[in-house]
Structures are given as structure tokens and as C-alpha cells.
Amino acid sequence: MTEPSSDTPDVAEFERIDWDDHGGWRRWISAERVVLLVGLLAVADLFNYHRRSGDLILIMEWTVGWVDWLLLVSLVVILSYMVVPLTKRPQRVRRLLGHLRGRWATVLGLVILAGLVALGGWATLRDWVPLNTLVNGDSFDTLQPPVGATVDTLSSGDCVGPTSSDGTVCHGSWEYPLGTNNQAYRMTDLLMMGTRPLVYIVLITLGLVMPLATVVGIVAGYRGGLVDDVLMGYVDIQLTMPALAVYLFVYMFLLNTKIMFIVAFGFLSWGGIARIVRSETLQRREEGYVLSARAIGASDGYILRRHIFPNVTNSVVPATFHLISIIILTEAGLGFLGFKPFDRSWGQTIGQGLHRTPPLDAWWVAALPAAALAVTVVSCKLVGDGFRDILDPRGKA
């Protein structure tokens, strides 16, 4: 698709192709690929060092496991193909900010989601674990109500905040602004711990799962024939394998780790996105601008990068954030049921609030993480829908 001229914005120019990009060393060397290669080599060097030294601490107090190496690779991919292209073309950043102006729902969702991921990243680097709260060194501050709420002192035990004149009602205090649960954990700590799964789910999905699904869908749709049959045949097989059944099987007979959750619900759930991309590619490859570019000698890589990929992003982005929200809800559901793919997740806290305490007497234990979960899922929806329109090259933003 041609871009309009700066002098005559309503008249499209004939496509200009930089032939230096189609031959010689420039075809293979780019800032994105250099950053990707350097980043992957750095991750491989770190992995080799930690494997030989036996030191599990990477940064600050971050104890790394297999899933953390996937997270680092995801960060390298995000840096290479999302951050670097924006730094190379500042006009794209200005255009993106211009499209965001007035889309307050999208901006709000993006700020909330980015803030939760940053908070989860901080908790991950600190390897931070909440501690039980003690009063006078011998009794626990269990079921303390949040500020502005009250609870029967008989159910709360020792009341930290002010009490009623007859001593039967306990008021919340600023010592525990969101209260505590039946195990005397601060709800602020539990809510912060619940953001840790978001780091792995969001970044690995954006950095590895989405690119994998996009590449498979584009290649299958553009190449067609045997390549399409093989790739879509694998996708069909993948879609017939319920991720939940795979996870439960591994959980019962092998092990329960973070990486098994990511593999089951991340790398076995991208088939739907790949099919969407393939469908879009089949339609775009017959468009006039693609046929014209092919007729004047543009390479397949150039066509895929400049014409096909920009025209499928408006479908990939909402589908990806929809997948992220599904994985977040799945993790919360498993934690609620007691499988605990991530320790102290929001789902686990909700389950404890509903199953181990009278829900109405200590409503905040389940209500606060449930509200945080709902806000996160809604933010994913707002970001996906907003960027679908913003990244649409046909000018619907």
C-alpha cells in the first residue's frame, strides 16, 4: 500500500523501493537483527555462567528458573522488534502519540497494564515474599478490616484499629490500609504478589507466542500449497489438544512448575491467532499493491515486511491481548482450585477468602484480588481494541 505524498496528502505516490535493501549485505544486516543477535548471545552467556557456577541469583534477589530464561529471551525480542523500530523512526512515535490523543480508555488501560507489569517485575527482582504480621510478638493480626470498613471483634481477634464503645465492632486502621487475611498476611502484600504472574504471561506472550503465531500464519497464507498444508495441519493438531488437559496430565504425573503452565497455556494456545493471520494474509496477497510490488521485482521478504505484516497487525493485536486475558484468567482459576502454578496469585487469594473464612464477614479477602483481576482483564481488552484501530494502516484510527 503506497503512502501519500507530503505535498499532496490526498494523492497516493507510486511505490518507491530501495534496491539496496534487496541485495548485498544490507539485506541481512539491520539494527533489529543486530540487537536480537547481541541480546541472545548475552542471554546464552548468562545461562552458561549460571549453569556452571550453580548460582541461581541473577539480579538483586531474582532466583531464576527455566521460565525466567524464556522471559529474558522475550525481553530481547520485544526490544529488537518493538522498541528499536520506534527509535529508528521517531515519526512513528509521534503518529502513535497523536492517535492516542483523545483515546482515554486505551491510554488508561495501557497505563494500568504497564503499571501492574512493572510492579510485578519489581516483586520478581526482589524475590519478595509476604510475611505474617504479629502484634506484641505472640499473636497474629488476622482478619483486620481495611480502612473505612468494620468487622465483629469476635471474628477479628485482637483489633489493631479503634473499636466501638461497647468493644464489639473493630474499625480498620492505616497500619493495614487494605486489611489482612485469615493467615495474617497484609492484603497490600498479597495484591502485590499477585502481579508476578502478569510479568511472565504478558511479556512471554508478546515476545514469543505472538511472533510465533504471526510468522506461521503469514508464511502459511502467503506461500500456500504444501507449506500451508503442513503448517495448518500442525495447528489443527494443536487445537485438538486441550491445554487444560495437557497441564493437568503433567501436573499429576510429572511436575508443577511455572514453565509447564507457560508451555501448556501459551505455546499450545496460539493456533487461533495463526489462523486469523493466515486468513488475513490470503486476502492481502491478492491485493493490487501486493501484485504491483511483486511485478516490479520486490522480494518476498520485502512484500511480507512492508505490505502483508502491516495489514494484519490490526487483527493480531486484539487477538493477542485476548489470549493474554484468557491466560490470566486461567492462571487465576487454577490458583483458585489449589493447583498453584504461581505462588500467592490472585486466584489463590480469592480461593482462601471464599473457602477458609466466612466470605461476608471478611469480604475484602476475596473482593480485592477479584477486583484487581477484573481491572487487569478489562485493561487488556481496552488496549487490544484501541491498538487495533491505531495500527490499522487503512486509516481507520
task = Answer with yes or no whether Ala293 is open to solvent by less than 10 Å² (accessible area, probe 1.4 Å), of a type outside the set (Phe, Trp, Tyr) and over 18 Å from the mean Cα position of the chain (by Cα).
result = yes
inquiry  = Given the options Ala264, Ala332, Ala274, Ala293, name the one that is part of a helix (DSSP H, G or I) and free of Cβ contacts under 8 Å to residues at least 24 places away in the same chain.
reply    = Ala264
request  = Restrict the check to segment 159-179 and report whether at least one residue is touching a residue at least 12 places away in the same chain (Cβ under 8 Å) and assigned to a helix (DSSP H, G or I).
outcome  = no
Scope segment 69-90; condition modelled with pLDDT under 90 and over 20 Å from Val215 (Cα atoms); matching residues = Leu86, Thr87, Lys88, Arg89, Pro90
message = Looking at segment 94-111, can you tell me whether even one residue there is within 27 Å of Leu46 (Cβ to Cβ) and at pLDDT 95 or above?
response = no
key: Flag if Gly102 is over 30 Å from His50 (Cα atoms), assigned to a loop (DSSP other than H, G, I, E, B) and without any contact (Cβ under 8 Å) to a residue 12 or more places away in the chain   = yes
request  = Check Phe309, Phe387, Phe321 and return the single one that is open to solvent by 60 Å² or more (accessible area, probe 1.4 Å), modelled with pLDDT of 85 or more and in a helix (DSSP H, G or I).
outcome  = Phe309
ask   = Name the pairs whose Cβ atoms lie under 6 Å apart, with the first residue in segment 364-383 and under 11 Å from Leu108 (Cα atoms), the second surrounded by fewer than 17 Cβ atoms within 10 Å (Cβ to Cβ), and 6 or more positions between them or separate chains?
value = Leu382/Ala105
inquiry  = I'd like the residue in segment 54-68 that is assigned to a helix (DSSP H, G or I) and either open to solvent by 30 Å² or more (accessible area, probe 1.4 Å) or touching a helix residue (DSSP H, G or I) at 6+ places or on another chain (Cβ under 6 Å) (or both) and, out of all such residues, is modelled with the highest pLDDT.
reply    = Val67
task = Among the candidates Gly233, Gly221, single out the residue that is in contact (Cβ under 8 Å) with a residue 24 or more places away in the chain, assigned to a helix (DSSP H, G or I), more than 30 Å from Val160 (Cβ to Cβ) and of a type outside the set (S, T, N, Q).
result = Gly221
Filter result (open to solvent by less than 30 Å² (accessible area, probe 1.4 Å) and assigned to a loop (DSSP other than H, G, I, E, B)) within segment 335-350 = Pro341, Phe342, Ser345
message = Condition (residue is of a type in the set (Phe, Trp, Tyr) and in contact with a Pro (Cβ under 8 Å, 6 or more places away or on another chain)) applied to segment 334-357: is it met by at least one residue?
response = yes
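The values are calculated or read from the model by the stated rules, or taken from the named source; none is laboratory data. Model, not experiment: these values are computed from the prediction. Backbone-built Cβ (ideal geometry, glycine too); neighbour counts: all protein chains shown. To get the accessible areas, we keep the full protein, side chains included, count just its heavy atoms, and leave off ligands, DNA and RNA. Shrake-Rupley method; radii C 1.70, N 1.55, O 1.52, S 1.80 Å.
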